[in-house]
1. Return the total of residues in segment B:109-132 being surrounded by 16 or more Cβ atoms within 10 Å (Cβ to Cβ) and at positive phi.
2. Working only within segment B:446-465, note down all residues that are under 23 Å from the mean Cα position of the chain (by Cα) and open to solvent by 20 Å² or more (accessible area, probe 1.4 Å).
3. Suppose we filter segment A:142-155 for residues that are open to solvent by 100 Å² or more (accessible area, probe 1.4 Å) and over 23 Å from A:K122 (Cα atoms); how many remain?
4. Within segment B:236-243, does at least one residue satisfy the condition of being part of a helix (DSSP H, G or I), closer than 23 Å to B:Q409 by Cα, in contact with a strand residue (DSSP E or B) (Cβ under 7 Å, 6 or more places away or on another chain) and of a type outside the set (D, E, K, R)?
5. Please work out which residue is nearest to A:H55 (Cα to Cα), limiting yourself to segment B:313-326 and to residues that are touching a Lys or Arg at 6+ places or on another chain (Cβ under 7 Å) and either open to solvent by less than 10 Å² (accessible area, probe 1.4 Å) or within 14 Å of chain A (Cβ to nearest Cβ) (or both).
6. Conditions: (1) over 22 Å from the mean Cα position of the chain (by Cα); (2) buried (at least 22 other Cβ atoms within 10 Å of the Cβ). B:I303 meets all but one. Number of the miss?
7. Quick check on my filter: what residues within segment B:171-188 are in contact with a helix residue (DSSP H, G or I) (Cβ under 7 Å, 6 or more places away or on another chain) and either in a strand (DSSP E or B) or within 14 Å of chain A (Cβ to nearest Cβ) (or both)?
8. Looking at (1) under 14 Å from the mean Cα position of the chain (by Cα); (2) modelled with pLDDT under 95, which one does B:K378 not meet, given that it meets all the others?
Amino acid sequence: MENEPGALSRVVGLFSQRGYNIESLTVAPTEDQTLSRLTLTTIGDDRIIEQITKHLNKLVDVVKVVDLTEGAHIERELMLIKVKASGAQRAEIKRCTDIFRGQIVDVGIQVYTIQVAGTSDKLDAFIEAVGDAVILEVVRTGVSGLSRGEKILSL
Amino acid sequence: MELLSGGEMLIRALRDEGVKHVFGYPGGAALHIYDALFQQSDVQHILVRHEQAATHAADGYARASGETGVVLVTSGPGATNAITGIATAYMDSIPMVVISGQVMSHLIGEDAFQETDMVGISRPIVKHSFMVNRAEDIPATIKKAFYIASTGRPGPVVVDVPKDVTNPHDKYEYSYPDNVKIRSYQPAQKGHSGQIKRAVQMLLEAKCPVIYTGGGVIQGNASESLIELARMLGYPVTNTLMGLGGYPASDKQFLGMLGMHGTFEANTAMHHSDLILAAGARFDDRVTNATKQFCPGAKIIHIDIDPASISKTVNADVPIVGPVETVLQELIAAITESGAQPDQAALQDWWRQIDEWRERHGLYTQSRYEESGGDLIKPQDVIKILHKVTGGDAYVTSDVGQHQMFAAQYYGFDKPRRWINSGGLGTMGFGLPSAMGVKKAFPDADVACVTGEGSFQMCLQELSTCTQYQLPVKIINLNNQALGMVKQWQDMQYEGRYSQILYEDSLPDFVKLMEAYGHVGMKVTSYDELESKMQECFALKDRVVFMDIYVDPSEHVYPMQIPGHGPAPSGAMKDMYLSKLERT
């Protein structure tokens, strides 16, 4: 979409106005500074997804809409998670982080801050693995996605 | 190159866009613009008495003329007062540009005096909006605003202009762009040829077809093509509330309006059809009744400029995205080229069936209301007499309620753009200001505002604007001393518990009220004087005349579709109450 003030609010407003749900949303400018790329996840049957696509296309600020789930695609989400880590826990959490190919990016006397990237499912699984009891804080970026192979989204 | 201030550029851009009339109301944030307006004579400003009326007047102007309506208001309350009219235009896809003053840039976000986030407040009810940050951007922004408002599926566009951007001391080079290109906005120019082929085949194979058309035929100037196609095929045509006049009501192929208060024959034919050609109509809930039961045997071809309108509520078998006028012409060409004819025997049977329905319960061959035995005037008769007196050629605006439905059912519009009402949003108060807009566009035409004493009081301050600008509209007030449509529903669904619909003798003396504004008021209470007074009303060419016509307060609008939750059989197009005593 156009990298213009108000463009994001039109997209978000469309969802609330028409009763659609936003599961996650990420947005940032692209290599072309006049454009922003937004990845949004939502849930609905084919009819609802078709309506959402059509309504998004109607927004003047929206340049192009692609449903990534129509083909093979890559999804990634980044999570930062702060967990209580003391004594024997520290080694256990470190192991768990390694298994999920995460990184401990900050270390405190009682805490670790861990970065994990992957599909949303993997992030959910990590949260489950470390267990609710030790989690102090979680922040997730929401999903970003690209289609696989030669296919590119261009104007 | 000429140097102009932001305020001057704004007005000059309007002139260069071909704008003749602007409806508006000044205020602090818009003062620089108003000062620029004062110093020129190309663009005429009409000072309304409330910003809502400015939007409705511009809306009526647009609906009647096809030009984009233009509104100028100030920030804060000026902007919020315009909201109802913007939403009205949005729901009916009316081209409109609304320019709102905004507080100075450095004050935005500080809760400054008369500050409101106009772009934010209007966002769900505009086609697009702009906030102008630099005076140099004004010409290009105005060009884009008009382009977006008037092309594709038309709609209102808001341009919010902070006061400092219009500062008379800061001058810039002015040139108005010749054209505009927006990379993310490219409305379809023609229908898909493959879909046209499929549509033609289905059209020619149909045994019980109906052509169902809406406001898109009016807004898209497709009436002539519709007539050409319908006559070529010999198929029956029905119009939505928004589409009336798209096909001539007096033509024998016309079934009348369809939907909640549509005719028996239109709704019944739709239900039993095997093919529906929908053009510029959006299968609104006031048309379809319960969508699950909608026309069970019908295949649907849906032509619309807006892809999001297709398969939104009812699935289309053949969607065709494109301008209605172009697509209808493509269909006509493809049918001609195919050399094929519809199945004449099947069509004859279909017409025989339709004529039988029309004969049995039709609006035009048989009264759908009891003939008046006494003195009480039937509201339907008022509309028939209005048709007679105006030769069926008036521009008729309306408010919202029973009078609106009676006008839609009984006026019999033969031409597009003659019927001007708030169909989508259903805005009471629309009638008088929109009539002013129509009169401004067509000063020599008869303009009648069919209203009720409830709706009329929502914008009656505009009587003063009519005086100031000599806008001699005729106001036909169907006075039933109650909020009639609400009363009808309370009769039918709430066992006659009349909650908050009566005025208890508080209605003004409308005749005196008119005289206070310098207009003519007439009170009509019996049939004896109805037609002669109506003649007198329209003979007073240069006066605003208000006919306060006392009508039978017990009258209901019929037919009326029975909703899905009503007594069975209900929910389908064909399920209707036909009068207080009969139902299908």
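1. Going through segment B:109-132 one residue at a time, the tally reaches 1.
2. Selection gives B:D446, B:Q457, B:M458, B:L460, B:Q461.
3. 4
4. Scanning segment B:236-243, I find no residue that is part of a helix (DSSP H, G or I), closer than 23 Å to B:Q409 by Cα, in contact with a strand residue (DSSP E or B) (Cβ under 7 Å, 6 or more places away or on another chain) and of a type outside the set (D, E, K, R), so the answer is no.
5. So, considering only residues that are touching a Lys or Arg at 6+ places or on another chain (Cβ under 7 Å) and either open to solvent by less than 10 Å² (accessible area, probe 1.4 Å) or within 14 Å of chain A (Cβ to nearest Cβ) (or both), the one nearest to A:H55 (Cα to Cα) is B:G322.
6. For B:I303, the failing item is (1).
7. B:Y172, B:V180, B:I182, B:Y185 - these are the residues of segment B:171-188 that are in contact with a helix residue (DSSP H, G or I) (Cβ under 7 Å, 6 or more places away or on another chain) and either in a strand (DSSP E or B) or within 14 Å of chain A (Cβ to nearest Cβ) (or both).
8. It is condition (1) that B:K378 fails.
The values are calculated or read from the model by the stated rules, or taken from the named source; none is laboratory data. Just so you know, these numbers come straight off a predicted model, no measurement behind them. Note that we place each Cβ from the backbone using ideal geometry, even for glycine, and neighbour counts take in every protein chain shown. Accessible surface is based on the protein model in full, side chains and every heavy atom, while ligands, DNA and RNA are left aside. Shrake-Rupley method; radii C 1.70, N 1.55, O 1.52, S 1.80 Å.
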